[in-house]
Amino acid sequence: MTGRERLFVALDVPDADRALALAATLRGLVGGFKVGLELFATAGPDVVARLRDTGTRVFVDLKLHDIPNTVAGAARAIARGGAELFTVHATGGAEMIRRAAEAAAEQAAALGRPAPVTLAVTVLTSHDDADLERIGLAGPCGDAVLRLADLARDAGAGGLVCSPLEVAAVRRRLPDGVLVVPGIRPAGAGVAGDDQSRTASPAAAVAAGADLLVIGRPIARAVDPTAAARAIAAEIDAR
């Protein structure tokens, strides 16, 4: 894949008009767009359909975490909406992950579409070892990520979401799965009020084994988002 194809821009904006305007500005410069909780809570499935109708790839990142039957129903609805990838929390357990993947695949097959990739989120990139200790999860982060990666892989997840610091170790556990990596910070670029704890540059994350990179503020809040996207793609391609 080219650097451009690896980039998914997080449309972390509060309304559909701004999301669609940003997507229109960046279309052709990135591989796709991520619809997360803020945008989905405001605009709902309609914004996913409107993005999909432009021919772009859509990643629905709601981090589903509930009883297996409820998550299966949500996964079915996401598959109906046409997302190519969606997330569940690995801490929801093996049965939840399995039901989500099966429900999404069944719904997609009924519509004659490829199954969306079920991505299990391991440990949020905003967490560090101290956070896991306070939550009551066995750590450190690197160990917890690998433990959850094994669980998700065995439950039928098609890929994982992990921080760039763990992606090399996760790739060894999941050689054929899709690895999606947030917490990406371009070389030399800072982000005001950054809440990410485990980050790396785009080139370093891809070199470690990442397939897709989720980048939000460094592109979406740049003075020139198109220039920022081109620069990040070039940084990856030059690695």
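For the pair A130 and D46, a Förster radius of 30 Å applied to the C-beta separation gives a FRET efficiency near 0.15, rounded to the nearest 0.05.
Using the crude model of +1 on Lys and Arg Cβ and -1 on Asp and Glu Cβ, and no other charge, please compute the dipole size for the chain relative to its Cα centre, in debye to 20.
On the way: 26 positive and 28 negative charges, 110 e Å.
Once rounded to the nearest 20, the dipole reads 520 debye.
Can you tally the net charge around L29? Count Lys and Arg as +1, Asp and Glu as -1, for every other residue whose Cβ sits under 14 Å from the Cβ of L29. Here the charged neighbours net out to +1. Annotation: amide H-H contacts under 5 Å for C162 (H modelled 1.01 Å from N, sequence separation of 5 or more, or interchain): V180. Of all the options A79, A16, A149, the one that moves most in a Gaussian network model of the chain with Cα springs shorter than 10 angstrom is A16. The string of couplings for the range 150-158 from the Karplus curve (6.51, -1.76, 1.60, θ = phi - 60°) is 5, 4, 5, 4, 5, 8, x, 5, x Hz, one whole number per residue in order, with x for Gly and Pro. In order along the range 124-133, phi translates into HN-Hα couplings of 4, 5, 7, 8, 10, 4, 5, 4, 4, 5 Hz, rounded to whole numbers, per the Karplus curve 6.51 cos²θ - 1.76 cosθ + 1.60 with θ = phi - 60° and x for Gly and Pro. Taking A210, A43, A100 as the candidate residues, the one with maximal mean-square fluctuation in a Gaussian network model of the chain, Cα springs under 10 Å, is A43. On the basis of the beta-carbon distance and an R0 of 30 Å, A138 and D237 show a calculated FRET efficiency of 0.20. Using R0 = 30 Å, the C-beta based FRET efficiency linking D154 and R113 works out to 0.70. Computed extension length for A168-D17: 50.6 nm, one decimal, from 0.36 nm per residue of separation with the Cα-Cα distance subtracted. Counted residue by residue at 0.36 nm each, then reduced by the alpha carbon distance between them, the extension gain from E95 to R27 reaches 20.8 nm. With θ taken as phi - 60° and the Karplus curve 6.51 cos²θ - 1.76 cosθ + 1.60 applied, the whole-hertz 3J(HN,Hα) list for the range 56-70 is 8, 7, 10, 10, 9, 10, 9, 6, 4, 7, 6, 5, x, 5, 5 Hz, x standing for glycine and proline. When the Cα positions of A200, L26, A222 are compared along the charge dipole of the chain, L26 comes out farthest toward the positive end, with charges on each C-beta of Lys, Arg, Asp and Glu. Over the residues of the chain, the helix contribution to mean residue ellipticity at 222 nm works out to -13500 deg cm²/dmol, using -39500 (n - 2.57) for each DSSP H run of at least 4. The local environment of L148, defined by Cβ-Cβ distances under 14 Å, has a net charge of 0 under the rule Lys, Arg +1 and Asp, Glu -1. Between E38 and N69, residue separation times 0.36 nm minus the direct Cα-Cα distance comes to 8.8 nm. Per-residue packing, averaged as other Cβ atoms within 10 Å, sorts the ranges 86-95, 218-227 into the order 86-95, 218-227, beginning with the highest.
Bear in mind that the values in this text are calculations on the coordinates, not laboratory data. The model shown is predicted, which means the values in this text are computed figures rather than measured ones. Cβ: placed from backbone, ideal geometry, glycine included. Neighbour counts: every protein chain shown.
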